[in-house]
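Colleague: Handing you a structure now.
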Amino acid sequence: MQKIFILLLLISFQGLGQSMEVLLYPDGAPGAIAGHGLKEADVSERDDGVIRLRNITDPSLTIYQAKKNKSKGAAVVICPGGGYHILAINKEGYKIGEWFAERGITAFVLKSRLPQPEMFTEKQIRPLEDAQAAIKYVRENASKYGVNPEMIGIMGFSAGGHLAATASTHFDKGVGVNENSEVSLRPDFSILMYPVISFSDKLAHTGSRMNLIGPELKIEEMEHFSNELQVTPNTPPAFLVHAYDDGVVMENSLAYIKALRQFKIPAELHLYEKGGHGFGLAYDQNNPVSTWSDRLEDWLKNNELLK
């Protein structure tokens with residue numbers, strides 16, 4: 001029976017426009033608290049077509065294989081946003097994965113755990129643990145998916161942008177199961193969409209900060225997760241998009257760009273007058289923010305990640 005199931009997965013994976021899901025921890029996620037009784041669910045209360053997942057117990061990667069005739073071997077791990085409270089898994093995950101695959105980059109949509117203390121011990125490290133495990137998985141299985149192990153990036157939206165920026169600045173020290181990893185956890189590039197970058201009082205999205213580190217704020221924790229303070233000469237190049245009228249203030253992206261510039265790390269920021277927050281691909285918006293993906297495609301080509 002197991003062989004039949006695996007065969008069906010492979011057929012699905014090889015089909016045009018199809019995807020395959022793999023578990024990050026086949027033997028169970030680390031730090032799980034037994035008996036919590038919570039099950040993964042779409043908790044959306046709005047009829048807007050967005051799937052909002054919560055209570056994620058089995059982190060996974062949904063894989064969208066690049067079209068072979070366009071592929072240069074690049075890959076990207078995609079982190080959907082949701083304030084570290086939910087994951088907008090289709091709008092900022094699956095649809096983005098399809099976009100990349102169509103253009104020649106293999107995409108791995110990360111369904112990461114949320115920092116829910118009723119479900120996991122050390123809740124603060126669990127999202128980063130999953131992001132690091134995702135990069136490790138892609139690098140270890142690069143040949144399986146036709147990926148160049150030196151062209152593996154990470155992308156994130158909103159709080160997922162914070163996670164992607166954290167993975168881009170904290171890769172030299174693995175957390176949880178990745179603590180002694182012999183595989184590099186460093187992304188080769190990052191794409192940050194209307195990201196939460198800082199946990200400082202001036203810039204922080206307080207909901208994301210509260211959900212990740214809790215109401216009892218400590219200066220050292222706030223600074224640790226303020227990624228503009230964690231940039232080093234080895235931080236990967238970045239592409240950022242933000243809107244002037246975003247509730248997650250654009251100064252988050254500006255602070256990160258400033259920190260990258262200090263170390264002469266290549267970066268590109270597109271700041272749009274209108275767009276608000278959470279616009280995803282923005283195809284439904286009749287203003288310039290709807291063209292951000294064209295600018296990303298240009299950047300990927302200019303950095304020889306895409307034909």
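The values are calculated or read from the model by the stated rules, or taken from the named source; none is laboratory data. Please read all numbers here as calculations on a predicted model, not as lab measurements. When we count neighbours, we look across all protein chains shown, and the Cβ atoms used for this are built from the backbone with ideal geometry, even at glycine.
Colleague: Could you check segment 234-267 and list, in sequence order, the residues that are in contact with a Ser or Thr (Cβ under 7 Å, 6 or more places away or on another chain) and either closer than 17 Å to residue 203 by Cβ or part of a strand (DSSP E or B) (or both)?
Modeller: 238, 240, 242, 248, 252, 255, 260
Colleague: Within the set of pairs 6 or more residues apart or between chains, which connect a residue that is in contact (Cβ under 8 Å) with a residue 60 or more places away in the chain inside segment 278-292 to a residue that is part of a loop (DSSP other than H, G, I, E, B) and aromatic (Phe, Trp, Tyr) with Cβ atoms less than 8 Å apart?
Modeller: Between residues of segment 278-292 that are in contact (Cβ under 8 Å) with a residue 60 or more places away in the chain and residues that are part of a loop (DSSP other than H, G, I, E, B) and aromatic (Phe, Trp, Tyr), the close pairs are 278/194; 279/194.
Colleague: Just to be sure I understand, how many residues within segment 208-225 are modelled with pLDDT under 95 and small (Gly, Ala, Ser)?
Modeller: 1
Colleague: Consider only pairs whose beta carbons are under 9 Å apart and that are at least six residues apart or on different chains; among these, list those whose first residue lies in segment 30-55 and is closer than 17 Å to residue 279 by Cβ and whose second residue is polar (S, T, N, Q).
Modeller: Hits for this filter: 49/90; 50/44; 50/90; 51/44; 51/90; 52/44.
Colleague: If you check residue 288 against the conditions, is it surrounded by fewer than 17 Cβ atoms within 10 Å (Cβ to Cβ), more than 26 Å from residue 230 (Cα to Cα) and not hydrophobic (A, V, I, L, M, F, W, C)? Let's see the steps before the verdict.
Modeller: Numbers: surrounded by fewer than 17 Cβ atoms within 10 Å (Cβ to Cβ): yes; more than 26 Å from residue 230 (Cα to Cα): yes; not hydrophobic (A, V, I, L, M, F, W, C): yes.
For residue 288, the condition - surrounded by fewer than 17 Cβ atoms within 10 Å (Cβ to Cβ), more than 26 Å from residue 230 (Cα to Cα) and not hydrophobic (A, V, I, L, M, F, W, C) - is met.
Colleague: Output the qualifying pairs, or none if there are none: Cβ atoms under 6 angstrom, residues six or more apart or on different chains, first residue in segment 17-28 and on the phi < 0 side of the Ramachandran plot and in a loop (DSSP other than H, G, I, E, B), second residue of a type in the set (S, T, N, Q) and at pLDDT below 95.
Modeller: The qualifying pairs are 18/12.
Colleague: Among the residues of segment 193-212, write down those that are outside any loop (DSSP other than H, G, I, E, B) and surrounded by fewer than 23 Cβ atoms within 10 Å (Cβ to Cβ).
Modeller: Residues of segment 193-212 that are outside any loop (DSSP other than H, G, I, E, B), as a first pass: 193, 206-212.
Within segment 193-212, 206, 207, 210, 211 meet the criteria.
Colleague: Scan segment 231-262 residue by residue and report those that are crowded, with 21+ Cβ neighbours inside 10 Å and touching a Lys or Arg at 6+ places or on another chain (Cβ under 7 Å).
Modeller: Selection gives 243 alone.
Colleague: Just to verify a result, which residue in segment 109-167, among those that are in a loop (DSSP other than H, G, I, E, B) and basic (Lys, Arg), is nearest to residue 228 (Cα to Cα)? Steps first, please.
Modeller: Here is the first cut: in segment 109-167, the ones in a loop (DSSP other than H, G, I, E, B) are 112-119, 121-122, 141-151, 158.
So of that shortlist, the ones also basic (Lys, Arg) come out as 113, 144.
Details: 113: 24, 144: 35 Å.
Of everything passing the filter in segment 109-167, 113 is nearest to residue 228 (Cα to Cα).
Colleague: Let me ask something else. Here are some residues: 187, 215, 149. Which one is surrounded by fewer than 19 Cβ atoms within 10 Å (Cβ to Cβ), within 22 Å of residue 107 (Cα to Cα) and not acidic (Asp, Glu)?
Modeller: On the way: 187 fails: surrounded by fewer than 19 Cβ atoms within 10 Å (Cβ to Cβ); 215 fails: within 22 Å of residue 107 (Cα to Cα).
Being surrounded by fewer than 19 Cβ atoms within 10 Å (Cβ to Cβ), within 22 Å of residue 107 (Cα to Cα) and not acidic (Asp, Glu) holds for just one of 187, 215, 149, which is 149.
Colleague: Take segment 63-86 and flag every residue that is farther than 28 Å from residue 210 by Cβ and either surrounded by 18 or more Cβ atoms within 10 Å (Cβ to Cβ) or touching a strand residue (DSSP E or B) at 6+ places or on another chain (Cβ under 7 Å) (or both). Give the derivation first.
Modeller: Initially, segment 63-86 is screened for residues farther than 28 Å from residue 210 by Cβ, giving 63-76.
Residues satisfying the conditions are 63, 64, 65, 66, 71, 73, 74, 75, 76.
Colleague: From the list 134, 159, which residue is surrounded by 21 or more Cβ atoms within 10 Å (Cβ to Cβ), touching a Ser or Thr at 6+ places or on another chain (Cβ under 6 Å) and small (Gly, Ala, Ser)?
Modeller: Details: 134 fails: touching a Ser or Thr at 6+ places or on another chain (Cβ under 6 Å).
Residue meeting the stated conditions: 159.
Colleague: State all residues of segment 213-230 that are over 15 Å from the mean Cα position of the chain (by Cα) and in a helix (DSSP H, G or I); if no residue qualifies, say none.
Modeller: To start, the set of residues in segment 213-230 that are over 15 Å from the mean Cα position of the chain (by Cα) comprises 213-226, 228-230.
The answer is 213, 219, 220, 221, 222, 223, 224, 228, 229.
Colleague: Does segment 255-273 contain any residue that is over 27 Å from residue 232 (Cβ atoms) and modelled with pLDDT of 95 or more?
Modeller: Here is the first cut: in segment 255-273, the residues over 27 Å from residue 232 (Cβ atoms) are 272-273.
Going one step further and asking which of them are modelled with pLDDT of 95 or more, we end up with 272-273.
Yes, segment 255-273 has at least one match.
Colleague: In addition: Contact list please: Cβ distance under 9 Å, first residue in segment 213-233 and farther than 22 Å from residue 121 by Cα and in contact (Cβ under 8 Å) with a residue 40 or more places away in the chain, second residue polar (S, T, N, Q) and exposed (fewer than 13 other Cβ atoms within 10 Å of the Cβ), pairs at least six apart or on different chains.
Modeller: Pairs that qualify, where the first residue is farther than 22 Å from residue 121 by Cα and in contact (Cβ under 8 Å) with a residue 40 or more places away in the chain and the partner is polar (S, T, N, Q) and exposed (fewer than 13 other Cβ atoms within 10 Å of the Cβ), are 231/262.
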